[in-house]
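This report refers to the structure that appears directly beneath it.
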Amino acid sequence: MLNLNRIKAISLDLDDTLWPIWPTIARAESVLYDWLALNAPQTATLYASPQALRAVRDALEQQRPDLAHDMTALRRESLRFALNNAGDDPQLAEPAFEVFIAERHNVTFYPDALPALEFLAARYPLVSLSNGNAEVSRMVLAPLFVGSVAAFKFGVSKPDRRIFHAAAQAAGVQPDEVLHVGDHALQDVLGARAAGMQAAWVNREQAAWEHAERPHVELSDLGELVQLLGGDRLSGRPE
């Protein structure tokens with residue numbers, strides 16, 4: 001059970017907790033492909049769709065486990081490989097990545113996300129904790145967070161307890177004083193619990209829980225967390 005009295009700070013996952021990730025990635029990959037068609041036409045011809053470029057990235061992920069924590073390096077290296085393989089200038093990988101990452105930050109929040117964050121930020125220090133390469137400093141929600149810990153900068157990814165402890169440090173509290181909120185059973189819930197934190201599972205898809213150790217609380221959306229912490233049920237607003 002969730003112990004409300006222990007909570008002095010909240011860490012939050014980003015992708016699939018505050019916004020759905022795959023529509024965002026698909027749109028960013030489409031914008032990237034259009035840029036390549038204009039600036040690296042041989043690459044766009046050899047890899048004839050955004051999906052073909054994603055396959056290059058996925059293959060590299062299997063070949064480079066050392067990049068498992070760094071989605072930025074993985075995307076850059078896959079672009080460099082594709083450009084070089086097609087006979088285009090591999091130095092175009094950097095501006096191509098910048099096109100991708102700009103659109104990757106153009107997210108559509110879940111309706112409950114920003115109202116919940118505004119409520120939480122007025123009561124607790126918030127820290128983002130993500131395995132992805134979204135950075136809250138580039139987003140409208142930046143003023144609501146006191147810190148951000150990202151795997152691609154920190155050097156390890158969830159569920160490694162060290163990255164959770166870094167989030168607690170960024171919030172200025174001990175790990176057992178943090179409530180971590182996220183959608184992923186292993187990376188968020190079990191990782192947070194192993195790091196000594198309380199864990200809230202955001203289960204928007206009503207999935208079954210498949211592990212012996214359970215979250216301290218299960219939420220259908222962030223509005224339920226607001227209610228648990230003494231706020232009114234959020235109606236939400238689209239962003």
### Query
Relative to the longest principal axis of the chain, what angle (0 to 90°, nearest 10) does the C-alpha long axis of helix 50-63 take?
70 degrees
### Task
With +1 on each Lys and Arg Cβ and -1 on each Asp and Glu Cβ, and nothing else charged, work out how big the dipole of region 114-170 is about its Cα centre, in Debye to the nearest 20.
160 debye
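Multiply the residue separation of W209 and A73 by 0.36 nm, subtract the distance between their alpha-carbon atoms, and state the gained length in nm to one decimal.
Values: separation 136, 0.36 × 136 = 48.96 nm, distance 3.25 nm.
The span from W209 to A73 would gain 45.7 nm if fully extended.
Can you tell me the convex hull volume per residue for the chain, based on C-alpha atoms, in Å³ to the nearest whole number? Write down the numbers at each step before the final one.
Numbers: hull volume 29.4 nm³, N = 239.
Expressed per residue, the convex hull around the Cα atoms of the chain is 123 Å³.
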### Query
In the chain, what percent of the accessible surface is made up of carbon and sulfur (1.4 Å probe, ligands and nucleic acids excluded)?
50 percent
### Message
Tell me the angle of helix 21-39 to the major Cα principal axis of the chain, expressed in degrees between 0 and 90 and rounded to the nearest ten.
### Response
20 degrees
### Task
For an R0 of 35 angstrom, estimate the FRET efficiency from the Cβ-Cβ distance between N85 and Q174 and round to the nearest 0.05.
0.10
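So for the chain, averaging the separation of alpha carbon pairs under 8 Å that are six or more residues apart and normalising by length, what relative contact order in percent results? Display every interim value, and only then the final one.
Values: 427 pairs, mean separation 57.4, N = 239.
RCO, the chain: 24 percent.
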### Prolate/oblate/rounded call for region 169-239, Cα gyration tensor, a/c under 1.5 rounded
oblate
### Query
How long are the semi-axes of the ellipsoid equivalent to region 118-164, from square roots of 5 times the Cα gyration tensor eigenvalues, in whole Å, largest first?
21, 13, 7
### Task
Report the accessible area of R27, computed with a 1.4 Å probe over the heavy atoms of all protein chains in place, in Å² rounded to the nearest 10.
80 Å²
### Task
May I ask you to work out the translational diffusion coefficient for region 3-54 at 25 °C, viscosity 0.890 mPa s, via Stokes-Einstein with Rh from the Kirkwood sum over Cα pairs, reported in whole µm²/s?
180 µm²/s
### Cβ-placed point charges (K, R +1; D, E -1), dipole of region 89-189 about Cα centre in debye, nearest 20
240 debye
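Rounded if a/c is under 1.5, else prolate if a/b beats b/c, else oblate: with a ≥ b ≥ c from the C-alpha gyration tensor eigenvalues square-rooted, which is region 100-183?
Oblate, since a/c reaches 1.5 and b/c is not below a/b.
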### Radius of gyration, Dmax [region 27-141; alpha carbons; angstrom]
16.7, 54
### Query
Given the rule -39500 (n - 2.57) for each run of at least 4 DSSP H residues, summed and divided by the residues of the chain, what is its mean residue ellipticity at 222 nm, to the nearest 500 deg cm²/dmol?
-12500 deg cm²/dmol
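The values are calculated or read from the model by the stated rules, or taken from the named source; none is laboratory data. All values reported here derive from a predicted model rather than from experimental measurement. Cβ atoms come from the backbone with ideal geometry, glycine included; neighbour counts cover every protein chain shown. Just so you know, the surface numbers come from the protein's heavy atoms only, side chains and all, with ligands and any DNA or RNA stripped out. Shrake-Rupley method; radii C 1.70, N 1.55, O 1.52, S 1.80 Å.
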